[in-house]
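The values are calculated or read from the model by the stated rules, or taken from the named source; none is laboratory data. No experiment lies behind these values; they were computed from the predicted model shown. All Cβ positions, glycine included, derive from the backbone under ideal geometry; neighbour counts span all protein chains shown.
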């Protein structure tokens, strides 16, 4: 686990920076896949946790959430329009051959959502932004004081900053509008669901 911003840690993943999990103050943001549960829990030993936030209802972001919330006895919070998917273990993807194959894989363990997050809510000093498209209830976390943004999968940063793949994005046009909204914030540091942290990476148009 390493410090990436004041009071923000990035947990070690395998491979590094591919599926990211963050500790923001005493709130865990995302959890990786179900198979990551032991690695995540091991890194959280000794850490004080008050809650677990899921940026969106895809299995590489809430796969280990049930195990973590159950083991650590903490509530799960998520965007209001992704609550049902997390509580049923469903995967929200468009109709496509690739997405269809993914949807036939065993779903991650479902878990009850204790708090439905909405625009303007506060989480560990960050403001919740509703940025739908990749999923209906996708959220980002924004700290204006030092312009740090946790963007989930609104952007990917695998080699360069891009949109997420259309075959995994329920509504690509809504996601493009969410991308524009986050670009307009002019963040100094962006922390991605997939990819290494980057400074001032989304102020210009990326296709």
Item to complete: Please work out which residue is farthest from residue 194 (Cα to Cα), limiting yourself to the range 11-26 and to residues that are crowded, with 20+ Cβ neighbours inside 10 Å and out of contact with any helix residue (DSSP H, G or I) (no Cβ under 7 Å at 6 or more places or on another chain).
Response: 24
Worksheet item: From the set of residues in the range 34-52 that are out of contact with any strand residue (DSSP E or B) (no Cβ under 8 Å at 6 or more places or on another chain), part of a loop (DSSP other than H, G, I, E, B) and on the phi < 0 side of the Ramachandran plot, which is surrounded by the fewest Cβ atoms within 10 Å (Cβ to Cβ)?
Response: 45
Worksheet item: Would you call residue 81 in contact with a helix residue (DSSP H, G or I) (Cβ under 9 Å, 6 or more places away or on another chain) and either farther than 19 Å from residue 193 by Cβ or modelled with pLDDT of 95 or more (or both)?
Response: no
Worksheet item: Out of all the residues in the range 84-102, is one or more within 16 Å of the chain's Cα centre (by Cα), more than 17 Å from residue 171 (Cα to Cα) and at pLDDT 95 or above?
Response: yes
Worksheet entry | Residues being under 17 Å from residue 108 (Cβ atoms) and surrounded by 19 or more Cβ atoms within 10 Å (Cβ to Cβ) - total across the range 78-88 | 6
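Conditions (1) within 20 Å of residue 6 (Cβ to Cβ); (2) free of Cβ contacts under 8 Å to residues at least 12 places away in the same chain; (3) under 13 Å from the mean Cα position of the chain (by Cα), marked per residue:
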{"position": "125", "(1), (2), (3)": "yes, no, no"}
{"position": "131", "(1), (2), (3)": "no, no, yes"}
{"position": "137", "(1), (2), (3)": "no, no, yes"}
{"position": "157", "(1), (2), (3)": "no, no, no"}
{"position": "166", "(1), (2), (3)": "no, no, no"}
{"position": "196", "(1), (2), (3)": "yes, no, no"}
{"position": "200", "(1), (2), (3)": "yes, no, no"}
Worksheet item: Of all residues in the range 157-187, which are closer than 16 Å to residue 129 by Cβ and touching a strand residue (DSSP E or B) at 6+ places or on another chain (Cβ under 7 Å)?
Response: 182, 185, 187
Worksheet item: On the given criteria, is residue 109 touching a residue at least 12 places away in the same chain (Cβ under 8 Å), part of a loop (DSSP other than H, G, I, E, B), more than 24 Å from residue 15 (Cα to Cα) and over 15 Å from the mean Cα position of the chain (by Cα)?
Response: no
